[in-house]
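As structure tokens, the structure follows; a few thoughts come after it.
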Amino acid sequence: MNENIRGKIEVLKQELLHLADISNVCVSQYQPGHQIESNYTSFILTGHPETTYSKVMTNIGYDYFKTYQTSIIAGRDFYRDRDLPEPQWNMIPGNTGGNEPMERLERNTVINEAAVREFGFTSAEDAVGKVLSIIGNNINYTIIGVVADNHLFSINAPPRAEVYLINLNPAVVNVMTVRYKGTSEKILTRVKSVWKNVTGDEEISTVFVDQLVAGEFEQEQTEEKILVSFSMLAILIACMGLFGSASFTVERRAKEIGLRKEMGAKVKNIVSLLLWQFSKPVLIANLIAWPVAVFVMQHWLEKFHYQLNPLFLIPICLVSGLMALIIAWSTVAGNTARAARRNPIQSLRYE
């Protein structure tokens, strides 16, 4: 943001909150999930200066967690009347230690679940009340809350450990997030109108969170479409093969079917006999396919941080096998039933 916009952030926020369909507005340094390697900061726990923790420091405004609907696991959220923002001298780029006050300041901070684990706290509740310090910074940060990890923009990597600080310095705030109800086009038109009224002719850059999420999942969605397409094609080819094989078998055993009917066999008995004959190769194929499918699935899941328990693949294989049997039975049953209902005289008249 340029200086003209930075000076009008609070005015812009209040104007947006006056719109009927907008429920929350917040500011932040970056959008969630944005990878900024230089944003890692060295922290120490009060009383344990011998250990340094390098964590992502995320500068946010009030109502950030409410806007992104991030759950509070323990403690509380930031409040305007209880939590002071960062002093501006502390975050203005280019400032040196010579501007720091001699006395230590007190501020509050919120961390996420990943930070709880990496700082070595036994639980989220255990983290609340502990004090952090930034190396070279004259501020003590008391942890007042723990929030859930952000999974919005990353499924292939574990959530980052993040330390959230309230920072309203216009030189730091770069992103404004709006939570709304209604159609995107309608809201975007209203937001642009408010933006123009407040900032004039300054250019606005907008993006929807669902578009960012869709971009993160784009590769997986493409893989899903390819796998589904090839699976449907394989099922179709298999059904055609079963139908052809069933037609050939029924035709070849037409006289046998006729004799069985003459001997008193019912249609359901004949259908059951042929269904079992076709079920055996399907069951054998499943027993061969299951280990291969589990191996391929495990290999594919390795690229994701969160994985299924391998035991969950067993019921999936069983359901898949049952579906294969149902498809085979549906394909074979109709053809077999027609042959079984045929007048046995037609099958035996040439004998």
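The values are calculated or read from the model by the stated rules, or taken from the named source; none is laboratory data. In this text, all values refer to a predicted model and were calculated from it rather than measured experimentally. Counting neighbours? That spans all protein chains shown, and the Cβs are built from the backbone with ideal geometry, glycine included. These area figures cover heavy atoms from the full protein model, side chains too; ligands, DNA and RNA do not enter into them. Shrake-Rupley method; radii C 1.70, N 1.55, O 1.52, S 1.80 Å.
With the simple model of a label 7 Å out from the Cα in the direction of the Cβ, residue 228 to residue 314 spans 3.0 nm.
For segment 176-320, which whole-number percentage of the solvent-accessible area (1.4 Å probe, protein heavy atoms only) is attributable to carbon and sulfur atoms?
The nonpolar share, carbon plus sulfur, comes to 66 percent.
Here the gap between residue 235 and residue 104, fully extended at 0.36 nm per residue and compared with their Cα-Cα distance, gives a gain of 40.2 nm.
By a 1.4 Å probe calculation restricted to protein chains, residue 179 has an accessible surface near 70 Å², given to the nearest 10.
Overall size of segment 229-334 from C-alpha positions, given as principal axis extents largest first: 64, 25, 18 Å. Listed cross-link partners 225/303; 13/55; 66/303; 8/181 are compared with a 22 Å cut-off, the Cα-Cα value being larger for 13/55; 66/303; 8/181. Karplus-derived 3J(HN,Hα) values for segment 227-238, using 6.51 cos²θ - 1.76 cosθ + 1.60 with θ = phi - 60°, are 5, 5, 4, 5, 5, 5, 5, 5, 5, 4, 5, 5 Hz; glycine and proline are entered as x. Amide H contacts of residue 41 (H built 1.01 Å from N, in plane; Pro and chain starts excluded): 55, 56, 57 sit under 5 Å, all sequence-distant by 5 or more or on other chains. A simple rule links phi to the HN-Hα coupling: the Karplus curve 6.51 cos²θ - 1.76 cosθ + 1.60 with θ = phi - 60°, which for segment 275-292 gives 4, 5, 4, 7, 6, 4, x, 5, 5, 4, 4, 5, 4, 6, 6, 4, x, 5 Hz, with x for Gly and Pro.
The aspartates and glutamates within cross-link reach of residue 186, meaning a Cα-to-Cα straight distance under 14 Å and a gap of 8 or more places when in the same chain, are 21.
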